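Notes follow once the structure below has been shown.
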Amino acid sequence: MKLMMNCREATNLTLQELDRSLSWRERLGVRMHRLICPPCLKFSRQAQLMRESMGRWKQYSERD
């Protein structure tokens, strides 16, 4: 395993994290990367916000 992942790898794992549990190595790598990369941290927050918003929209649309 590489010491530090790049932005492409971190982004890929951030999106995978929305659908599955990451291994402890993957979680650690992503967290370390986010500590030194503000754009990836912002992306992960935006991805989580979109996921939550879609969940709320789904609940709203199922009520009708």
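Each value in this text was obtained by applying a stated rule to the coordinates, not by laboratory testing. Since the model is a prediction, treat every value here as computed from it, not as a measurement. Reconstructed Cβ throughout: ideal geometry from the backbone, glycine too, with neighbour counts over all protein chains shown.
Brief remarks follow.
- Every pair of residues 6+ apart whose Cβ atoms lie under 8 Å, when the first sits in region 47-58 and is touching a residue at least 24 places away in the same chain (Cβ under 8 Å) while the second is surrounded by 10 or more Cβ atoms within 10 Å (Cβ to Cβ) and assigned to a helix (DSSP H, G or I): A47/T14; A47/L15
- Of all residues in region 23-41, those satisfying the criterion of being surrounded by 12 or more Cβ atoms within 10 Å (Cβ to Cβ) and either of a type outside the set (K, R) or in contact with a Pro (Cβ under 8 Å, 6 or more places away or on another chain) (or both) are E26, L28, G29, V30, M32, H33, C37, C40, L41.
- Residue pairs whose Cβ atoms lie under 6 Å apart, sitting 6 or more positions apart in sequence or on different chains, and linking a residue in region 5-26 that is closer than 11 Å to S44 by Cα to a partner that is buried (at least 17 other Cβ atoms within 10 Å of the Cβ) and polar (S, T, N, Q), are T14/S44.
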